[in-house]
Amino acid sequence: MKNLRMKSGVAFTALMITIAMSLPLVMISSDVAAQEITASIQGTVLAPDGQAVTTVTATVIDSRDGRRQSSASDSRGVIHFRSVSPGGPYTVHIGAEGYEPLVITDLYTDVAGRSSFTVTLETASDAIEEIVVTATQIQMITTASGPSSTFSLQQITDMPSTTRQIRDIIRLDPRVSIGETGSGGDQSGSISCLGGSSRTNSFTVDGVRATDAFGLNLSGNLSRFTFPIPFDTVAAAAVEFAPVSVEYGQFSGCNINVVTKSGENRFHGGGFYLYNDDGMTNDKIDGQTFEQGTFERKNYGFEFSGPIIKDKLFFYAAFEQFDTATVNQFGSADDTSFPRNDTVFTTAELSQIKDILISKYDRDPGESIRNMPVTSERNFARIDWNINDSHRAEFTYATVKESTLIGDDIGGGRGEYTFSDNFHARGSDSETIGLRLYSDWTDRLSTEIRYSSQDVTDLQNPFGGGEQQDEVPRPRIAISAGSTAGRFGGEFFGQQ
């Protein structure tokens, strides 16, 4: 099978128009592939007698980067802030003539949700300069566009993750079940929502689709082994089962919606290093000792962020890599260092077969495989620009490079011995670019424009080369001892 390559450019434009009632009226989009990746804040401001205050001016400030948004109340006393970055904390300043200024602190938002509150102003008095309340002291309601679970940065940070994948977090939702890692270690475990197939789900990172373009990955996403971005990059996540919004589309299971971190007014950095080797791993299965061979497993990465121009321009960058290996279970009939010895050929007979293939057929089948390497390198960069109080822009860039070696799709799982030329090299190489522009034109008109481009190459090659489409294909050889017991040459599907 030749490598598969797909390149796509997707432009998404959403125009939200609201009337005096502050309810979304029209959503026009050129593509429904993108998902909602921002949040909103809505407040109702009342006078002491319970009547709506219609002369309110309010400002919300993001304490992380100093960004400000302003809004005025409508005839119902409602103020609305759209396209707010998930997380926080936010501070909301509320003022109206004849009433004491009110400040709400420590307000947080969830991705694809709306934080709503109701406050009552007090009549102006010379004895009071400003009233300060925390968000926990007022009625707060977070709403989403359908059944969902949201996970904040604090929850993601506090939860242990053995695989450093977002699936370790979203499994807290009882409607989500996580499958086992696939054979050969080249699949990251399927995600089933409400019992559906992982291939019916949608994955989005900052609104850009990260779903498997070719339908070959059990994981269902762009990355075979992990998630398409470093784990430390995730700022918030949501699992959305039936979002009632035209921004959503192209899935029937659930949408795993991830929003990444951005830079702040303070510099921040961190790193990690995980290590394991054969000396730190048990060498017994059910009391039987076997040799694992020499191997190392390493997982490491870092993140760094901060301001380029305070309150204006910010950067965030992250890198993660792991180098590991899975164990080939099948050895010769008399080599007990392998967990399984199903083949009828002894080590000496296999050596003799190899010599014949080399001397008479000019075919070197390679060596005996004990450990199968699995590598993944992920890079992520993001730039945030607070253009002014009404406009902000985001730019993201991500790459994934992965490779692994797996056993023959037909032979290895049936107890047949194979040399290295019968193994299959798999991997992926992708590059994703995203650009988003958020604009508040008036209190009742806001726009959101997104553009994304993605280039994906899916690697599918016999480890020893010579597949059917090559200029010099190499025939697949099966050796029988009553029943087929050994296969040499390209993996099965590469020869069809």
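The values are calculated or read from the model by the stated rules, or taken from the named source; none is laboratory data. Predicted model, so just to flag it, every value in this text is computed and none were measured. For neighbour counting, all protein chains shown are included, and Cβ atoms are generated from backbone atoms with ideal geometry for every residue, glycine included. Side chains are part of the model used for accessible areas, which takes the heavy atoms of the whole protein and leaves out ligands, DNA and RNA. Shrake-Rupley method; radii C 1.70, N 1.55, O 1.52, S 1.80 Å.
The table for this structure:
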quantity: Scope the range 135-147; condition modelled with pLDDT of 80 or more and either open to solvent by 40 Å² or more (accessible area, probe 1.4 Å) or at positive phi (or both); matching residues; calculated: Thr136, Gln137, Pro147
quantity: Residue match in the range 278-295 (condition: aromatic (Phe, Trp, Tyr) and at pLDDT 80 or above); calculated: no
quantity: Selected residue [open to solvent by less than 20 Å² (accessible area, probe 1.4 Å) and outside any strand (DSSP E or B)] from Val111, Val103; calculated: Val111
quantity: Checklist (1) modelled with pLDDT under 85; (2) surrounded by 22 or more Cβ atoms within 10 Å (Cβ to Cβ); (3) of a type in the set (A, V, I, L, M, F, W, C) applied to Ala333, failing item; calculated: (2)
quantity: Top-ranked residue in the range 419-456 [being β-branched (Val, Ile, Thr) and open to solvent by 30 Å² or more (accessible area, probe 1.4 Å); ranked as nearest to Glu247 (Cα to Cα)]; calculated: Ile449
quantity: Ala333 part of a loop (DSSP other than H, G, I, E, B), of a type in the set (A, V, I, L, M) and in contact (Cβ under 8 Å) with a residue 12 or more places away in the chain; calculated: yes
quantity: From Ala210, Ala235, residue being out of contact with any Lys or Arg (no Cβ under 7 Å at 6 or more places or on another chain) and at pLDDT 85 or above; calculated: Ala210
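One line per residue, one yes/no per condition, for (1) under 30 Å from Thr204 (Cα atoms); (2) of a type outside the set (Lys, Arg):
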residue	(1), (2)
Ala72	no, yes
Ser75	no, yes
Arg82	yes, no
Gly98	no, yes
Pro101	no, yes
Asp106	yes, yes
Thr109	yes, yes
Glu129	no, yes
Thr142	yes, yes
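Each row is one residue, and each column tells you yes or no for (1) hydroxyl-bearing (Ser, Thr, Tyr); (2) modelled with pLDDT of 90 or more; (3) touching a Pro at 6+ places or on another chain (Cβ under 9 Å).
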residue	(1), (2), (3)
Arg64	no, yes, yes
Asp74	no, yes, no
Val78	no, yes, no
Ser85	yes, yes, no
Gly88	no, yes, no
Ile94	no, yes, yes
Thr109	yes, yes, yes
Arg114	no, no, no
Leu121	no, yes, yes
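This table checks each residue for (1) in a strand (DSSP E or B); (2) open to solvent by 10 Å² or more (accessible area, probe 1.4 Å); (3) β-branched (Val, Ile, Thr); (4) in contact with a helix residue (DSSP H, G or I) (Cβ under 9 Å, 6 or more places away or on another chain).
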residue	(1), (2), (3), (4)
Asn217	no, no, no, yes
Glu247	no, yes, no, no
Gly263	no, no, no, no
Tyr275	yes, yes, no, no
Tyr300	yes, yes, no, no
Ile308	yes, yes, yes, no
Asp311	no, yes, no, no
Phe322	yes, yes, no, no
